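The values are calculated or read from the model by the stated rules, or taken from the named source; none is laboratory data. All values reported here derive from a predicted model rather than from experimental measurement. When we count neighbours, we look across all protein chains shown, and the Cβ atoms used for this are built from the backbone with ideal geometry, even at glycine. For accessibility, only protein heavy atoms count, side chains too; no ligands or nucleic acids. Shrake-Rupley method; radii C 1.70, N 1.55, O 1.52, S 1.80 Å.
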Amino acid sequence: MRHRLILVTSVVAAAACPLPPPIPGGPTPTIPPPAPQPVAPGPVQLRPSSVRYVVHRKLRIEQELAGQAPTHMSYRVFVTAVIGGPADSTGYAVAHTVDSVVADSGTFVPPTVNFAAARGLRFSGRLTATGIVRNAVAADSVTAQSLGQFLGNLRDFYPRLPATGLEPQAAWTDTVTTSDRAAGGDVQVRSIVASSVPGWESRGGTQCLRVEAQSTFTLQGVGEQGGQPFELTGTGMRRAVAFVSADGRYLGGETRDSTNVSVSLPVQGMTIPIRQVVQATVTVLP
């Protein structure tokens with residue numbers, strides 16, 4: 001609207017100034033055409049697309065247990081993401097297929113972790129207008145569960161959006177409660193997410209909206225592993241920045257999660273504090 005007002009003002013001012021009389025024998029003066037003005041689109045929403053991404057994840061896990069060294073891992077997940085239309089009342093169909101997982105040079109991968117098993121692993125669900133993937137299902141649930149903490153969660157892959165779409169200078173807060181099943185347990189996660197859109201910027205030569213988000217979350221769950229029951233509680237914080245193009249493509253971004261968890265083992269009568277930090281950078285591949 002601001003650009004349109006400036007353009008109208010310029011045209012009115014030009015109309016108020018008559019052209020100078022032509023110079024005998026000289027060319028007739030002309031007014032050069034106005035420079036093209038950017039047209040601000042309407043609210044931006046995620047739309048059908050097929051994009052290849054590389055997700056560079058850095059994971060650090062510290063367990064306060066005698067003899068337990070911190071775990072450091074750095075690796076890249078190559079994935080093809082397809083959002084298919086048209087949307088229905090539950091959103092767009094979305095599918096992510098893992099092309100490969102490659103550990104960075106010098107990263108020790110525990111023998112219990114088989115990155116090769118992730119090749120071809122497919123996750124599918126429904127992408128809502130708010131950027132949440134619901135009813136996410138893995139084609140191979142066993143492999144997905146064993147690699148869940150390394151691949152990340154499809155539900156949280158895209159940025160949170162207002163239901164009406166993104167606009168510059170927008171700000172909003174969401175409260176989200178979800179249920180995760182990981183490491184043999186059922187975990188309830190409650191997040192409060194404060195998001196804002198500073199405005200337009202260029203990313204890889206494409207105009208896009210920058211979405212910034214900060215969130216706090218709590219988690220609580222119970223489960224069983226190796227025949228032993230456990231209970232866990234925890235809190236965490238997340239900072240994220242994401243980019244969405246005017247035509248509705250997710251152009252990547254960065255996130256940093258920090259989580260403190262206490263795992264109680266009733267049979268052993270002990271509690272293990274765990275701190276986990278995950279950094280992820282999502283980049284669009286050509």
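Some values worked out for this structure:
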| item | result |
| --- | --- |
| Unmet criterion (only one of (1) assigned to a strand (DSSP E or B); (2) at positive phi) for GLY248 | (1) |
| Restricting the range 175-215 to residues that are open to solvent by 70 Å² or more (accessible area, probe 1.4 Å) and of a type in the set (Ser, Thr, Tyr), the residue that is modelled with the lowest pLDDT | SER179 |
| Test for THR233: is it open to solvent by 40 Å² or more (accessible area, probe 1.4 Å) and of a type in the set (Ser, Thr, Tyr) | yes |
| Residue list for the range 149-171, filter: among the acidic types (Asp, Glu) and more than 16 Å from the chain's Cα centre (by Cα) | GLU167 |
| TYR158, sole failed condition from (1) under 15 Å from PRO48 (Cα atoms); (2) surrounded by fewer than 20 Cβ atoms within 10 Å (Cβ to Cβ); (3) of a type in the set (Phe, Trp, Tyr) | (2) |
| When residues of the range 107-131 are limited to those that are in contact with a Phe, Trp or Tyr (Cβ under 9 Å, 6 or more places away or on another chain) and over 30 Å from ALA163 (Cα atoms), the one surrounded by the most Cβ atoms within 10 Å (Cβ to Cβ) | ALA118 |
| Per-region count, the range 63-103, residues more than 25 Å from ALA139 (Cβ to Cβ), part of a strand (DSSP E or B) and either open to solvent by less than 60 Å² (accessible area, probe 1.4 Å) or without any contact (Cβ under 8 Å) to a residue 24 or more places away in the chain (or both) | 2 |
| Residues (free of Cβ contacts under 8 Å to residues at least 60 places away in the same chain and polar (S, T, N, Q)) located in the range 150-172 | ASN153, GLN169 |
| GLU231 part of a strand (DSSP E or B), of a type in the set (Asp, Glu) and touching a residue at least 40 places away in the same chain (Cβ under 8 Å) | no |
| Check on VAL55, within 35 Å of the chain's Cα centre (by Cα) and either modelled with pLDDT under 90 or open to solvent by less than 50 Å² (accessible area, probe 1.4 Å) (or both) | yes |
| In the range 260-273, the residues that are open to solvent by 40 Å² or more (accessible area, probe 1.4 Å) and among the hydrophobic types (A, V, I, L, M, F, W, C) | VAL267, MET270 |
